[in-house]
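The values are calculated or read from the model by the stated rules, or taken from the named source; none is laboratory data. The shown structure was predicted, so the numbers you read here are calculated from the model rather than taken from an experiment. We place every Cβ from the backbone using ideal geometry, glycine too, and count neighbours over all the protein chains shown. Surface accessibility is based on the protein's heavy atoms, side chains included, excluding ligands, DNA and RNA. Shrake-Rupley method; radii C 1.70, N 1.55, O 1.52, S 1.80 Å.
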Amino acid sequence: MHTPPFRIGFGYDVHRLVPGRPLILGGVTIPHHLGLLGHSDADVLLHALTDALLGALALRDIGFHFPDTDPRYKGADSLLLLRDAYRLVRKEGWLLANADCTLVAERPKINPHIPLMQERIAHTLEVEPGQISIKATTHEQMDAFGREEGIGAYATALIYPQPQASL
Ligand code: MG
């Protein structure tokens, strides 16, 4: 079968906002009176991105590789889950071209934190910050996101064959 010189993946995730948890988005702890609930650090942005990377190669999803019933992943740093998922992608002979992510959060303001998120993710994946786009939008005060009951994230990732793999 002919393999085209690229593959694309998509990821989506939602976590509930609760008191008494830190708010961690894109590997950055953001000051806020609520944080995301989850078995790991609940970094919804990194979970969506991890699913996009896995999805690009039909490698199932984050819950398949890092089950939330596994005590090893309790409180896990999602940057490490992202790193491990990307290792699988590289092992299959592919590299990340670029990722484009959107956070859906009514509050807090995400924009001031985006450059550091790009830096943390790029460092983890050994790519340039310019390959990691992060955008944020509100839900215009509509439904559960608008009521600040949770934060959602979408991500796409384009991957291409490692140069040595195509020789
Ligand atoms: Mg998640």
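List of remarks:
- Here the range 1-115 is treated with +1 on each Lys and Arg Cβ and -1 on each Asp and Glu Cβ, and its dipole about the Cα centre works out to around 140 debye.
- Relative contact order %, the range 1-156, counting alpha carbon pairs below 8 Å whose residues are six or more apart: 30 percent
- For the range 96-109, 3J(HN,Hα) per residue [Karplus equation, 6.51 cos²θ - 1.76 cosθ + 1.60, θ = phi - 60°, Hz, x = Gly/Pro]: 6, 7, 7, 10, 10, 10, 10, 9, 10, 8, 5, 8, x, 5
- Exposed-site-free run, longest, the chain (rule: trypsin sites (Lys or Arg not before Pro); DSSP loop; at most 12 other C-beta within 10 Å): 1-59
- Over all other residues within a Cβ to Cβ distance under 11 Å of Leu25, the charged ones net out to -1, with Lys and Arg as +1 and Asp and Glu as -1.
- Sum of -39500 (n - 2.57) over DSSP H runs of 4+, divided by residues of the chain (222 nm, nearest 500): -8000 deg cm²/dmol
- Simple rule: put +1 on each Lys or Arg Cβ and -1 on each Asp or Glu Cβ in the range 26-167, find the dipole, and look at Ala99, Phe64, Leu80; the Cα lying farthest toward the positive end is Leu80.
- Net charge of the neighbourhood of Phe66, taken over other residues with C-beta under 15 Å away and scored Lys/Arg +1, Asp/Glu -1, is -4.
- Taken over the chain, the convex hull of the Cα atoms encloses 113 Å³ per residue.
- Accessible-area value, His32, 1.4 Å probe, nucleic acids and ligands omitted, Å²: 50 Å²
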